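As structure tokens, the structure follows; a few thoughts come after it.
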Amino acid sequence: MKEFNIVLAGVGGQGTLLASEALGMAAVKDALNVRVSEIHGMAQRGGAVVTTVRIGDNVLAPTVLEGQADVLLGFEPFETVRNLKYASGKTLVIMNTEKIPPTELAAKNVKYPGLDQIVQKVHLFTEKVVLIDAAQLAKKAGSSLTQNVVLLGALAGTGMLPVKKQSLIEAVRELVPTKHVEINLKAFELGYESVKEGHKKA
Amino acid sequence: MPDLKVLLKDTPEKRILLLGNEAIARGVLEAGIAVVTTYPGTPASEIGDSISEIAPEAGLYMEYSVNEMVAVEVAAGAANCGVRALTAMKHVGLNVAADLLMTLAYTGVRGGYVIVTADDPECYSSQNEQDNRFYALFSNLPCLEPSDPQEAKEMTISAIEMSEKLELPVLLRTTTRVSHTRGPVTYGNLKKPNLHGEFIRDLKRLNMVPAFSRPKHTVLLRQAAKAKEISETSVYNRVVRKGKEIGIISSSSAYNYAVEAADLLNLDAGILKLGMTHPLPEKMIVDFLRSHDKVVIVEELEPYLEMQIKAIAKDYVPNAQVFGKMSTEYFPREGELSTRLVMVGLAKITAKELPIDFRGIDEKYAEITKDLPSRPPILCAGCPHRASFYVIRKVGGDKALYPTDIGCYALGMSPPLNVGDIMICMGASVGTAQGISKATGRDTIAIIGDSTFFHAAIPGLINAVYNNSKLVVAVLDNQATAMTGHQPHPGTGITGMQGPAEKVLVEKVAEGCGVKYVRVVNPFETREATAMLKEAVRQSGPSVVVFRSPCTLMDIKEKRRRGVKTIQAKITDKCNDCMACIKLLACPAIVVEEGKVKIDEVFCSGCGLCISVCPYKAIEGSCAE
């Protein structure tokens with residue numbers, strides 16, 4: 001299999017680590033070779049976080065080369081922009097529209113820019129952009145803490161992933177606490193359907 | 001996180017996704033290691049944490065030691081009774097243990113003993129990016145370097161076997177990109193750990209007085225020569241690919257980049273992968289140099305391989321052309337490598353065109369990110385350190401100086417808290433504060449966490465009492481080794497075996513050291529804490545103020561478990577958007593929307609600090625318990 005590269009970008013506490021681990025587990029379930037890179041440490045919450053998932057027979061390095069992401073899964077608009085160096089014309093950007101203003105903005109009394117401005121920047125790298133209101137879908141699923149799983153569902157919904165939808169669902173089931181499984185699976189489906197619908201329209 | 005019990009499964013041949021550090025933990029179980037010691041430190045922490053989770057069930061002994069030196073002492077003691085042992089630490093931890101390491105190489109061990117050192121190129125969560133392969137060279141001990149999780153597991157087992165064969169400790173050196181990479185790992189058979197050792201009195205072997213050390217030095221060099229023979233035939237040192245155009249020698253995470261970069265450049269490259277990097281397989285390297293016109297050394301950080309390979313070349317293949325980072329810097333000596341950096345270096349050496357327009361991407365990226373606000377790591381909403389820093393700043397102001405230390409509280413150096421002026425290594429705040437206080441005559445408040453206090457500050461504190469230094473030691477006690485993942489420590493009353501323990505209290509230690517003014521405060525009781533700290537600053541000698549409140553992340557988890565509802569702070573009509581809360585605290589839960597101050601209900605933990613700092617009493621909610 002040719003390589004498939006995913007970059008997940010968000011803010012500490014949003015669950016990017018869980019999402020990337022789920023993708024890695026799904027790949028192993030499907031007997032694929034995979035590398036997942038994580039950065040732990042400094043600040044448990046609130047800092048910029050980026051993880052990468054690379055699937056493919058010849059993959060050795062865990063990190064993604066500039067311009068070589070197949071998907072950039074942005075958990076937050078600013079963090080999506082911060083990782084556009086991994087994107088190029090071939091990249092699909094899936095972006096959560098839920099904003100988390102960095103403290104620097106409040107301190108300088110600067111407004112968070114509008115989504116249209118953010119999307120304009122994304123368009124300088126790729127035309128392929130899908131916007132998701134993961135916060136709203138997560139609430140609908142039953143907990144605003146499931147935005148990461150909504151986004152995973154959305155990623156699966158694109159039909160681009162080299163892993164089976166069912167394997168990814170199984171991975172989520174294994175990774176989230178038992179009492180939250182149902183809510184998370186609902187979140188996954190809501191994300192999945194939202195993108196499938198979107199693709200049909202386009 | 002998945003259930004770590006998965007590490008205990010007796011299912012040989014099963015393929016499971018594991019973090020490099022978890023793979024080392026699995027290696028512990030497959031190697032039958034019976035004693036594991038550690039002091040937590042990124043990027044090594046999950047090795048000890050995984051073992052702590054499963055130790056009672058696996059039948060092995062695990063401890064969070066007070067520091068890396070003690071961790072190595074405990075494990076070396078056990079290993080000298082014939083028990084298999086492993087100690088895990090971050091790279092700088094080995095500096096702490098270095099005194100022991102250098103002479104432990106002389107005494108050697110009877111049971112296999114592996115020291116895992118996890119290096120951190122790029123300083124993702126460290127104060128420096130030292131290259132610990134030099135410790136292998138320095139101590140004459142063998143060193144293995146895995147490049148992925150599968151190898152990390154295999155090498156843990158091989159290192160134990162090699163250690164027993166040579167009767168020497170063996171270093172297992174990872175980097176962040178090995179320790180914190182997940183990949184498929186195929187299980188092998190579990191081996192039952194044997195915790196029953198026997199101590200054999202043998203002064204010539206174990207008591208390193210000069211008369212016994214001298215002959216042991218000779219023994220060490222003899223064993224190192226044997227290790228070199230092992231290196232020549234090791235499965236970890238091998239030509240993985242033959243090629244005519246160029247030869248590449250690489251190891252560790254750099255190897256992954258080297259292979260991918262050579263492929264992207266379509267190079268017909270021969271590749272020698274080194275997994276045992278001390279001692280180096282001299283004959284194998286000579287053969288490789290002879291069979292390639294040009295040889296490129298791809299390695300992260302220091303030119304550790306390059307120096308030695310060039311020395312080998314000088315003796316055996318003087319006309320060899322060796323490229324790396326020494327005479328001409330084809331690869332950087334600082335920061336972590338990447339496939340890109342390796343491609344750029346290889347392209348220069350081979351005069352190939354880069355297949356990706358990196359410069360174009362850089363320019364476009366620089367353009368769109370020039371106004372992008374940074375999002376550095378910050379203290380969590382509800383973090384008790386924020387309250388402590390608010391109080392400390394209020395008392396010390398701009399006049400006092402604030403030597404600080406390693407932990408979450410290092411983040412206090414940023415505005416608006418601005419507490420933290422010098423930070424070097426574990427425990428250094430208390431010592432440097434004494435020199436600064438003497439040299440400047442200014443009020444000096446040393447900031448240190450609870451785990452770091454136990455780790456390295458006690459001799460410094462005794463020094464302050466003995467030499468009557470004027471300083472305040474502010475111990476920010478959040479009841480955990482928080483930044484590395486909330487591991488327990490001597491003050492928590494819990495052990496690595498998950499059993500109860502005697503709580504060692506910071507204030508008792510301080511009193512025992514002879515400090516006259518010792519107080520314990522709750523940082524959220526800002527008025528009382530301020531008064532106590534003011535009094536501490538007025539003392540003519542050393543004083544200690546313990547700011548005690550649990551890490552908010554643990555607190556929230558505990559409250560959720562007990563079903564206690566958090567009462568979040570609320571902005572009332574009295575707010576005139578003066579921004580004092582934002583300017584004083586920079587709490588991530590306080591945001592500004594359309595010029596109005598708002599409390600984010602997802603982030604607010606209900607700590608109540610903003611309630612006590614608001615000059616207009618315009619914030620309501622729960623106050624500190």
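Please treat every number below as a calculation from the coordinates, not as lab data. From a predicted model like this one, the values you see are computed outputs, not experimental measurements. Heads up, the Cβs are rebuilt from the backbone with ideal geometry, glycines too, and the neighbour counts pull from every protein chain shown.
Odds and ends about this structure:
- Residue order for B:217, B:180, fewest other beta carbons within 10 angstrom first, comes to B:217, B:180.
- Fraction of antiparallel bridges per DSSP, region A:4-201 only, in percent to nearest 5: 50 percent
- Structural size metrics of region B:384-558, computed from C-alpha coordinates, are Rg and Dmax of 14.9, 47 Å.
- Distance between the pseudo-spin-label points of residue B:498 and residue B:511 (7 Å out from Cα toward the beta carbon): 3.4 nm.
- Taking amide H positions as modeled 1.01 Å from N, with prolines and chain starts lacking one, the residues under 5 Å from residue B:32 and 5 or more places away or on another chain are B:191.
- Environment charge of residue B:611, counting only residues whose C-beta is closer than 9 Å and scoring Lys/Arg +1, Asp/Glu -1: 0
- Long-range HN-HN contacts of residue A:129 with modeled amide H, under 5 Å: A:93
- Gaussian network model of chain A, springs between alpha carbon atoms under 10 Å - residue of A:122, A:181, A:50 with greatest fluctuation: A:181
- Rounded to 5, percent antiparallel among DSSP beta bridges of the protein assembly as shown: 35 percent
- Chain B: Rg to Rh, with Rh as the Kirkwood radius over Cα pairs: 1.01
- In degrees, nearest ten, helix B:68-79 long axis to first principal axis of chain B (Cα): 50 degrees
- Of the trypsin sites (Lys or Arg not before Pro) in region A:53-93, those whose Cβ has at most 15 other Cβ within 10 Å and which sit in DSSP loop: A:90
- Within region B:384-558, DSSP assigns beta bridges of which about 10% are antiparallel (rounded to the nearest 5).
- Cut-off 13 Å between beta-carbons: net charge of the residues surrounding residue B:73, Lys and Arg +1, Asp and Glu -1: -3
- Residue order for B:600, B:315, B:555, fewest other beta carbons within 10 angstrom first, comes to B:315, B:600, B:555.
- Here the Karplus relation 6.51 cos²θ - 1.76 cosθ + 1.60, evaluated at θ = phi - 60°, turns the backbone of region B:175-189 into coupling constants of 10, 3, 6, 9, 5, 10, 10, 9, x, x, 10, 8, 6, x, 7 Hz, with x for every Gly and Pro.
- Compared with the dominant Cα axis of chain B, that is its longest principal axis, helix B:45-58 is turned about 80°.
- Cα-based Rg of the protein assembly as shown normalised by 2.2 N^0.38 Å, two decimals: 0.97
- Sequence-separation-based contact order of region B:384-558, relative, with Cα cut under 8 Å and 6+ spacing, percent: 23 percent
- Sites residue B:240 and residue B:213 - FRET efficiency at Förster radius 45 Å, r taken between beta-carbons, to 0.05: 0.65
- Computed helical MRE - 222 nm, chain B, DSSP H runs ≥ 4 contributing -39500 (n - 2.57), nearest 500: -12000 deg cm²/dmol
- For chain B, the relative contact order comes to 11 percent (Cα pairs under 8 Å, sequence separation of at least 6).
- Debye log10 I(q)/I(0) at q = 0.09, 0.10, 0.12, 0.17 Å⁻¹ for region A:4-201, Cα point scatterers: -0.30, -0.37, -0.54, -1.14
- Note that region B:383-391 has calculated 3J(HN,Hα) couplings of 5, x, 4, 4, 5, 4, 5, 4, 5 Hz, one per residue in order, obtained from phi through the Karplus relation 6.51 cos²θ - 1.76 cosθ + 1.60 (θ = phi - 60°); glycine and proline are x.
- For region B:1-60, the alpha carbon positions stretch 31, 23, 18 Å along the principal axes, listed from largest to smallest.
- Net charge, residue B:11 excluded, C-beta distance under 13 Å - Lys, Arg +1, Asp, Glu -1: +2
- Percentage relative contact order, chain A, counting C-alpha pairs under 8 Å, at least six apart: 21 percent
- Two-site FRET efficiency, residue B:561 against residue B:321, from Cβ-Cβ distance with R₀ of 45 Å, rounded to 0.05: 0.10
- The order of B:333, B:340, B:375, going from fewest to most other C-beta atoms within 10 Å of their C-beta, is B:333, B:340, B:375.
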